[in-house]
1. Calculate what fraction, in whole %, of the accessible area of the chain sits on carbon and sulfur atoms when a 1.4 Å probe is rolled over the protein chains.
2. Given region 3-305, what percent of its DSSP beta bridges are antiparallel, to the nearest 5?
3. Enumerate by residue number the GluC sites (Glu not before Pro) in region 219-286 meeting two conditions: DSSP loop (anything except H, G, I, E, B), and at most 12 other Cβ atoms within 10 Å of the site's Cβ.
4. Report the local net charge at A114: Lys and Arg +1, Asp and Glu -1, summed over other residues whose C-beta lies under 12 Å from its C-beta.
5. Going 7 Å from the Cα of Q175 in the Cα-to-Cβ direction, what parts of region 199-236 have a backbone nitrogen less than 11 Å from that spot?
6. Each label point is 7 Å from the Cα along the Cα-to-Cβ direction; what then is the distance between the points at K293 and T109, in nm?
7. Hey, got a sec? Which GluC sites (Glu not before Pro) in region 111-180 land in a DSSP loop and have at most 14 other Cβ atoms within 10 Å?
8. Using the Cβ atoms and a cut-off under 13 Å, what net charge is assigned to the surroundings of I45, where Lys and Arg are +1 and Asp and Glu are -1?
Amino acid sequence: MNLVIIGTIGLDDIKTPFGEVESALGGSGVYASCAASFFSPSGLISVMGNDIPEEYLKLLNKRKVSLEGVSKLGKTFRWSGFYEFDMNEAKTLKTELNSLAGFKPDVPTDYKKAKFIFLANIDPDLQLEVLSQMEEKPFVVLDTKNYWITSKKDSLLKVIGKTDLFILNEGEARQLFETPNLIKAGKIALKLGPKYAIIKKGEHGALLFSDGKYFSAPGYPLEEVKDPTGAGDSFAGGLIGYLASKQVSNKLVSGKRVSFEELRRAVVYGSTIASFCAEDFSLNYLKNINSKKIEERYNIFQKIREF
Ligand code: AMP
């Protein structure tokens, strides 16, 4: 297994100005592993309850997400939230940790030498635990959410120190680094240890930082945004899935040698996948895309940037 992802499997209740869903398939691990699957298979490490509908598991199987590292315990993690006309900001109504609270991750043996790991949005103590079980230091990508910045900042700072690429959105960056300026926030992120940092700006794209280097990717000009839930996880999943794909990782001597240039392309692939995610609720749109659609949108991104 070349790519391991730890994140949540969730049941989401979501309301946007364009509709609402109840107990829809969600969770950072689900979005990220499905997004990655368009480039690379992955092994998901997570927990779910006995209340998870069989059709949701079938979808993950169909997308070649390995569930060997997924435990079953009690009730599934639940999140409910809503969006107003500013679809860049999710307002959380309720987070119910349920089975996540008692989850003790156990990394399957054949995941332990993976070259890439995505620590998707989940309790930072679980992220640290999974990292400690890896046998060879992989290229580590980290994401988080305001919930963990507020409740577990010390553990989060520890994980950031072990990370190669830290991804967060602009609201989280301002909250964590206590500055309104995103360029400053990017620089502070790099000082904490990561070689690379990405600050996502919702529909307006993403900023990639490295020592002395900077890249700004545009957002895809999407007219139909029904539900942006999971777009951030899909961005990161698409990005790391692309890096872990045979086509790219064969060129990398080891997971650690991810170049800035390769990462720029990965940011655009991540943005491409995220834009598909936002077109419908849950994974309804994402599950039906294919490489032809991905390449078409990637090429549009390239054209938008030319001047
Ligand atoms: P995003 O829109 O990219 O922030 O991701 C939203 C997804 O993350 C939803 O499907 C939720 O189930 C899941 N989620 C929400 N809050 C949390 C949390 N505190 N920790 C982990 N996953 C979460």
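The values are calculated or read from the model by the stated rules, or taken from the named source; none is laboratory data. Worth saying up front: this structure is predicted, and the values here are computed from it rather than measured. Heads up, the Cβs are rebuilt from the backbone with ideal geometry, glycines too, and the neighbour counts pull from every protein chain shown. Accessible surface areas use protein heavy atoms only, side chains included; no ligands, DNA or RNA. Shrake-Rupley method; radii C 1.70, N 1.55, O 1.52, S 1.80 Å.
1. Values: 6700 of 13610 Å².
Of all accessible area on the chain, carbon and sulfur atoms account for 49 percent.
2. Numbers: 21 of 52 bridges.
Roughly 40 percent of the beta bridges in region 3-305 run antiparallel, per DSSP.
3. Numbers: sites: E223, E224, E261, E262, E279; in loops: E223, E224, E279.
Passing both the DSSP loop test and the Cβ count: E223, E224.
4. Working: positive: K112, K113, K115, K137; negative: D110, E135, E136.
Overall, the nearby charge balance is +1.
5. Within reach of a label on Q175, which here means backbone N under 11 Å from a point 7 Å along Cα→Cβ, region 199-236 contributes nothing.
6. Rounded to a tenth, the inter-label distance reads 4.0 nm.
7. Values: sites: E129, E135, E136, E170, E172, E178; in loops: E135, E136, E178.
Passing both the DSSP loop test and the Cβ count: E135, E136, E178.
8. Values: positive: K104, K112; negative: E68, D106, D110, D123, E129.
In short, -3.
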